Each structure stands twice: as structure tokens, then as C-alpha cells.
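Below: one structure, written as C-alpha cells.
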Amino acid sequence: MTAREMLPGIFEVGAIDWDRRLFDELIPLPQGTSYNSYLIRGSEKTLLIDTVDPPFARTLLDHLDSLGVKTIDYVVANHAEQDHSGTLGTLLARYPMARVVTNAKCRDMLKDLLLIPDDRFQVIQDREKLSLGDRTVEFLFAPWVHWPETMLTYLHGDGVLFSCDLFGSHYATSVLFTDEDPVVYEAAKRYYAEIMMPFRSSIREHLQTIAPLEIRIIAPSHGPVYRKPAFILSAYRDWVSDRVENRVVIPYVSMHGSTAAMVRCLVDALVARKIPVQPFNLTATDTGELAKALVDAATLVVATPTTLFSPHPKAMYAVYLVNLLRPKIRWVTVIGSYGWGGKTLQMIKENLPHLKAEFLEPVMVKGFPKAEDLAALDRLADAIAERHRGLGSLGGGGP
Ligand code: FEO
């Protein structure tokens, strides 16, 4: 790829990582990702916003060379995580006059994580402005996008919000701008689910902070740039709202078919009641898709056999993940088969302390489900239908 001009004098100079398939050794990246870095040329100063993941240092430097960049005055660090900051050391060595512009918390983290010397920093305050001559940027602190030090950079005049992870997507594409692409919507929703869902209330505040700004372009640090910001802003307003939609998510695992038979019965019962349902077989599930399904679903049903005396480990992994991600689901329960007792139900309940959800009557069955067990699943579907009454689907900024 080459450096791409976003507006006159503003370039995307980062890297597209087509091949990456795992982030944080945890999050699957079926569509790769990108590490966006933006160069802004003012009449007096040149500024770079964020860098790239260290393996792509050469790409960033080549892009800067291709534009004939001899001097960089400022490197804005919107976020200390290494996929954006990891090339700072290389960049500072190449451009010895450059100063790292960031807030005090981010500076401290960059000193800890990357051993950047203290004298390379220029610490700014919330809402502070920095002049580049004919252009001015303003910094807006946005703690807990998912780390505590994150900030946004707003370019006055051009109306560009450089939002770092916020509004981003793990989506490798050669297309710089997106308008209202359903593929980008799904990728951004998945990214929100994996990274930001636990910080929903903080994100809601950040949306209020940026509401008065005249934003013509949102340029995140992953994925394409939004030329129609209303598209992603509307989607985010939906995702961070308290609204849930008429949908049930069922992560499940089954060793010998009994729990799977229960899942099939419950799925049929829910469909008969016009309740959309998403079963996820945990032996093959992409956890990013499970996380995305949890963004606005109303009910979670964990389906697991009892393995020895406990939930199946794959079910416990899903429960642990759900608890970390703190989705806004309102109702939760457990179904599953056991052979001789155990603490499955108790363990699942104890491991969901972050959920603010009503626990519905579980259906735990000894052995293969019999007629009375299927009837209990039917009653569970009734209970879910009663609680879902009045819920619709969320349209939002989606396709
Ligand atoms: Fe893309 Fe939080 O780093």
C-alpha cells in the first residue's frame, strides 16, 4: 500500500495487516485489521497521530519517506496500547526533533511500556489546543474507551475526529473511506463488543462530549474512515443504550447429545413464539461472533452438561467471557443434562456477578430429556416470551 490522501495535506500513513488472525492472543480477526496513522501538514508544523504495530514500522517510515517528510514536530499518542504506540521509539529516533504530545497518564504508561524518555514528551490538558499554523487540533480526554488514558484529537476547520480505537473495526480493506457499508457495520459492532462493551457508560459520556463538535469525518485507528459519521454515531448510540432486542443467545456444548437435544427443543419453542434465537456451539464458535450477539440481545441461556461435578470447561469459558464483557442482557438462565448431580448451576450463577439480569427458572435434566423435561423447556420459552413482550429489533445505523 501507499500513503493515502484523506484531505489536502492530510494523509493516512499506517499499515494494513491482511494476515493477522488473533489479537491479544484472544480475539479472532477473520478480516485482518489495520493500524491507522495520520499525518497532518500545517503551514508551520507537521503532526503525526498515532503510529503502528511494531512489525509494520518499516511501512510507516516508507510512507513518510514517500511523502518527502523530513521533519515531524509532534507525534500525538491518543492511546498507549502498543498496536498504536509500539513504533514510537523508532519514529523518535528517525525524527529527533519530534515531541510526543499526550496527556500525563498516557505519558506515564508510555514510559513504563516503551521506555520513552521523559524529555521527549509534551503533556497537554483536556480541551487544550495546539496550532500547526493554518490548522489547529484540540485534544479531548476519553478515559476508558478501554484503557484509562485514551484521548481523541479533533482537527478544527476540516472537522476530522481522530478517534483512536473508538468507532474502529478490525477490517483490512484497501478502501480508505466507508459510507454506509453493512460489512463495516458488522465489523465495527463486533469490535465494540470485544473491546468496549464493558465500558458502555464511559462510551456514552464520550458520545455526549463530541456531540457539539462539527464532525465531517471520523478517522479511527482501525478499519476504514467514516465519511458519513452519522452512520457509526447512530450505531454506537444504539449499542450503548439500555435498549435490548427480542433475541435469545444460547452458547452451548454437549458431550453425548442430551444437552444438544434440549437446545434444539428450546430453539424450536422460541421460534414458535416468534423469538429470534442464536445458538452458538462452543466447540466451534468464533468468540467474536458470540460477543457481537450479546451487544443487544435480551436473554442469555447457557446450555451445558455437567462434566464430573461442574459445568463443561467450554461453557465456563463462555460464562467467564460474558461476565468480563458485561452485556446489557436482562434475563439469564441455564439448561443442561447431568449424570449424578454436581454444582453446575451454582458455579454458573457465582461466575456472573457483573450481570444485572433476572435469573429465570433453569432446566436441569438427569440423562436424556424426557417428555416432562421438554415440557419444562416449553415453560421456559413461555417465561422468556412473556418478558420479551413489547421488545422489537434495533435498527440503529445498521444495514
Ligand atoms: Fe487498538 Fe486499544 O488498541
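The values are calculated or read from the model by the stated rules, or taken from the named source; none is laboratory data. Keep in mind it's a predicted model, so treat the numbers as computed, not measured. Cβ placement follows ideal geometry from the backbone for every residue including glycine, while neighbour counts extend to all protein chains displayed. Calculation scope for accessible area: heavy atoms of the full protein, side chains included, ligands and nucleic acids excluded. Shrake-Rupley method; radii C 1.70, N 1.55, O 1.52, S 1.80 Å.
Below are the figures for this structure:
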{"item": "Calculated from backbone phi, Karplus (6.51, -1.76, 1.60) coupling profile of region 42-50 in Hz, x at Gly/Pro", "result": "x, 5, 10, 10, 10, 10, 10, 9, 6"}
{"item": "Largest-first ordering by accessible area, 1.4 Å probe, given options 192, 320", "result": "320, 192"}
{"item": "Region 248-384 - accessible surface per residue (Å², probe 1.4 Å)", "result": "44"}
{"item": "Two-decimal log10 I(q)/I(0) for region 248-384, as the Debye equation yields it once each C-alpha is a single scatterer, q = 0.19, 0.21 Å⁻¹", "result": "-1.07, -1.35"}
{"item": "Most to least packed among 64-71, 273-280 [average Cβ atoms within 10 Å]", "result": "273-280, 64-71"}
{"item": "Distance histogram for the chain (every C-alpha pair counted, 10 angstrom bins, percent rounded to whole numbers)", "result": "5, 22, 28, 20, 14, 9, 3, 0"}
{"item": "DSSP-defined antiparallel bridges as percent of all bridges, region 4-240, nearest 5", "result": "65"}
{"item": "Partners for residue 189 among lysines (Cα-Cα distance below 22 Å; same-chain residues under 8 apart left out)", "result": "228, 292, 328, 356"}
{"item": "Cut-off 11 Å between beta-carbons: net charge of the residues surrounding residue 97, Lys and Arg +1, Asp and Glu -1", "result": "+4"}
{"item": "Dipole in debye (nearest 20) - region 48-114, about Cα centre, beta carbon charges: Lys, Arg +1; Asp, Glu -1", "result": "260"}
{"item": "Gain upon complete extension [residue 242, residue 179; 0.36 nm per residue less C-alpha separation]", "result": "20.0 nm"}
{"item": "Globularity index of region 4-240, i.e. its alpha-carbon radius of gyration over 2.2 N^0.38 Å", "result": "0.92"}
{"item": "Axial C-alpha extent at least 30 Å, average Kyte-Doolittle at least 1.0 - helices from the chain (DSSP)", "result": "none"}
{"item": "Packing-based order for 158-170, 175-187, 117-129, using average beta carbon neighbours within 10 Å, highest first", "result": "158-170, 175-187, 117-129"}
{"item": "Long-range amide H partners of residue 307 with built H, under 5 Å", "result": "312"}
{"item": "Mean Cβ count within 10 Å, highest first, over the residues of peptides 227-240, 103-116, 19-32", "result": "227-240, 103-116, 19-32"}
{"item": "Accessible-area composition of the chain, carbon plus sulfur, in percent [1.4 Å probe]", "result": "53"}
